[in-house]
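Here's the structure we're looking at; comments come further down.
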Amino acid sequence: MDFPSLKEHDLQEYAFTCAQCSFCQVGHGACPTYKVKRRDSFSGKGKMMLTRALMQGRIRPSEGLEGLRDAIFGCTLCGGCEEICQVDIPFVKIYQVMRNDFLKRGMWPEELSMTKEILLKSNNIQGQAQMDRIEGWSYWTPNEDELLDKQGTPAKTAFFFGCASSFRGISIQATIATTLIMDKIEEKYTVLGEEEYCCGAPLIMTGDFEGARALAEHNIQKYKELGVERIITNCPGCYKMWAHEYHEFLDIDHGFEIVYGYQYLADLLDEGKLTGLNTPLDVTVTYHDGCDAGRNSGFYEEPRKVLEYLPGVTFEELPHNKANCFCCGSGGVLRAVDADFANQISRLKVEDIEATNADIVSSGCPSCVDFMADQLPQAGVNKPVKDLAVLVAQALGLTWDGLDEIYG
């Protein structure tokens, strides 16, 4: 049998490249889904062997296609397999493309159809009213009037919130912190507010490339109308979409400069544009490299550089860190497909965190912060999870009502 989308993206030969070495199963920091399931098909090697057998006709579709579908969608797209692969197979791209094949075959998981319906109806993955993208939380910030005035205002720089950072209480803290930091340095920027649509990452991750197109084109058009040249976003999933996947999967070249939020903060600190870090935090912090920020985009040093600037911070690495960091379980839209499985994967992260002396768990990914903040208490770990932008704002002496409401 054929996988047309693999052919379209010139990826069909990788099923025959796999060396069956099992590094993706047993390597340091490798595939978390295999570590939980302990089934070959849930590892990179297993999926490649099954794909090859189907392509060669050694097994019938009725014998292997459904199992391959379950394994392809039972993945967080964390890239752990890709990082450790000895023959450089681009697993993350392959899985996204194969998800597109399963969509075309009518074999999409039912849960994803529901997720897509919610997203396209509300224009955000949370299914909430678009007016809440800014008005639902702006009352927490002391600069509320200034922030609301920035909606739809022409500017060369835009701050793209992202869905998690617009609607989820703990993730919103990073958005508030970032806007206060940008206001402090007198950065001129615009926000779309309720006109900001989901970047389309949930659909592209699930293989629905065309479903993401209308969302992408809406945001691009709005920014062009405002004269935007640079887009800053704290969400590494949004960053990856804007910086790479619009072109790679949708053939869109928007022309904007895309800046990851913690690259932005690191540059401000290096250039001496962000001063006044005079409030000691007096905490030991560990850092979780979110998959889209780390393995899938390469931002390892920037957040650690920011942590070095913060007064009163003792930094301790997780046992699995940087390229070997365990996924928190939140990625690849797995929570929508199988929430229990995502929760099981999070236990790997919990064990790593418990192995440190950290007082606080930090990350540069709003979705990871939200998921870990939910999972740690369930595992009996009483460590707060804070976005790195929140720590920077606190070191600057900034405060807001939401910070007290969320963290006490």
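Any read-out appearing in this document is the output of simple, stated calculations on the displayed coordinates, not a laboratory observation. No experiment lies behind these values; they were computed from the predicted model shown. Don't worry about glycine lacking a Cβ; one is built from the backbone with ideal geometry, like all the others, and counts go over all protein chains shown.
Tabulated values for the structure
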| quantity | calculated |
| --- | --- |
| With eigenvalues of the C-alpha gyration tensor scaled by 5 and rooted, the stretch 274-407, Å | 24, 16, 14 |
| Stretchable slack from E117 to K7, in nm (0.36 nm times residue separation minus alpha-carbon distance) | 36.7 nm |
| T399/E351 FRET efficiency (R0 25 Å; Cβ-Cβ; nearest 0.05) | 0.15 |
| Longest site-free stretch - the chain; sites: trypsin sites (Lys or Arg not before Pro), DSSP loop, at most 14 other Cβ within 10 Å | 274-408 |
| Check: the stretch 274-407 dipole with +1 on Lys, Arg Cβ and -1 on Asp, Glu Cβ, in debye | 260 |
| Label point distance in nm, E217-D40, each placed 7 Å from Cα along Cα→Cβ | 4.5 |
| Label-point separation, N382 to K273 (7 Å along Cα→Cβ), nm | 4.2 |
| The stretch 300-408: GluC sites (Glu not before Pro) in DSSP loop, at most 16 other beta carbons within 10 Å | E316, E317 |
| Two-site FRET efficiency, R58 against E317, from Cβ-Cβ distance with R₀ of 51 Å, rounded to 0.05 | 0.70 |
| D251-E225 FRET efficiency (beta carbon distance; Förster radius 25 Å; 0.05 resolution) | 0.70 |
